[in-house]
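Worksheet for the structure shown next.
What follows is calculated from the coordinates using simple rules that are stated; it is not laboratory data. Note that the structure is predicted; figures quoted are calculated from it, not measured. Reconstructed Cβ throughout: ideal geometry from the backbone, glycine too, with neighbour counts over all protein chains shown.
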Amino acid sequence: MVKRLRKNFFSIILLVVIVLYIIPTTRVPMQIYMHKGLSYIKQSSIIDKDERKTINYSDFTLISDSNKKLNFKSTKGKVVFINFWATWCPPCIAEMPSLQKLYNDYNDKVEFLFVTSDKFEKVKAFKAKRGFDFEVFNILSGSQNELKTSSIPRTFIVNKKGEIVIDESGAVDWDSEKVRSQLDALLSE
């Protein structure tokens, strides 16, 4: 009798979860919560020196949500943190609070490029609703072959030599001690 009740209980819970995933208004918050949990498990890792790709500082121009133009060549010689994301992407939303915390502590030492194809009106509303204050960029012209991505979120960290030292897809807890140690090491090179 107890086994049957337990089986029925878990079946009901599973059915409720499935129904909640079907309903759009509850699906996205559940996905964000799930990806946030997974982000604590996934860690960033440094790419081995012999496997690193070097950035081609080509004519690649970005424009920010504050109407500032940035030529990618201006990041040469700096540690650059590049995050490709979208306002509608649950894993992107899940990692954003950790990105904001990292940005708060490193924005004067690291060049942060939060890149999206979303319209700036939507981005500004998204940032205001969640209390984010980092600058967001759209690609204005050109392309950067080494940074092309077909999935989001995708994050690259480039060292001062122009090498991609971190390349992560999916939600990551960017405010971890490991990431901070990695950035500190890159800044001291």
Scan the stretch 122-142 and give yes if some residue there is within 23 Å of Tyr33 (Cβ to Cβ) and polar (S, T, N, Q), otherwise no.
-> no
Selection from the stretch 97-115 of residues in contact with a strand residue (DSSP E or B) (Cβ under 9 Å, 6 or more places away or on another chain) and closer than 14 Å to Arg130 by Cβ yields Leu99, Tyr103, Phe114
When the stretch 34-43 is examined, which residues are found to be in contact (Cβ under 8 Å) with a residue 60 or more places away in the chain, out of contact with any helix residue (DSSP H, G or I) (no Cβ under 7 Å at 6 or more places or on another chain) and exposed (fewer than 14 other Cβ atoms within 10 Å of the Cβ)?
-> Tyr40
List pairs: first in the stretch 84-96 and more than 12 Å from Gly170 (Cα to Cα), second aromatic (Phe, Trp, Tyr), Cβ under 6 Å, 6+ apart or cross-chain?
-> Thr87/Phe126
Which members of the stretch 65-91 meet the condition of being surrounded by fewer than 17 Cβ atoms within 10 Å (Cβ to Cβ) and in contact with a strand residue (DSSP E or B) (Cβ under 7 Å, 6 or more places away or on another chain)?
-> Lys69, Asn71, Lys78
Residue by residue through the stretch 153-178, note down the ones that are surrounded by fewer than 22 Cβ atoms within 10 Å (Cβ to Cβ) and either within 16 Å of Pro97 (Cβ to Cβ) or among the small types (Gly, Ala, Ser) (or both).
-> Gly162, Ser169, Gly170, Asp175, Ser176
Filtered residue count, the stretch 44-70, keeping only those that are without any contact (Cβ under 8 Å) to a residue 40 or more places away in the chain and either touching a Pro at 6+ places or on another chain (Cβ under 7 Å) or of a type in the set (S, T, N, Q) (or both) | 1
Could you pull out every one of the strands (runs of 3 or more DSSP E) wholly within the stretch 131-189 that has 2 or more residues that are touching a residue at least 24 places away in the same chain (Cβ under 8 Å) and of a type in the set (Asp, Glu)?
-> 164-169
Output the residues belonging to the stretch 67-120 that are of a type in the set (Ser, Thr, Tyr) and in contact with a helix residue (DSSP H, G or I) (Cβ under 9 Å, 6 or more places away or on another chain).
-> Thr87, Ser98, Tyr106, Thr116
In the stretch 139-183, anything more than 15 Å from Lys53 (Cβ to Cβ) and of a type in the set (A, V, I, L, M, F, W, C) is listed as Ile139, Leu140, Ile152, Ala171, Val172, Trp174, Val179, Leu183
Does the stretch 44-64 contain at least one residue that is surrounded by 15 or more Cβ atoms within 10 Å (Cβ to Cβ), within 24 Å of Arg130 (Cα to Cα), in contact with a helix residue (DSSP H, G or I) (Cβ under 8 Å, 6 or more places away or on another chain) and not aliphatic (A, V, I, L, M)?
-> no
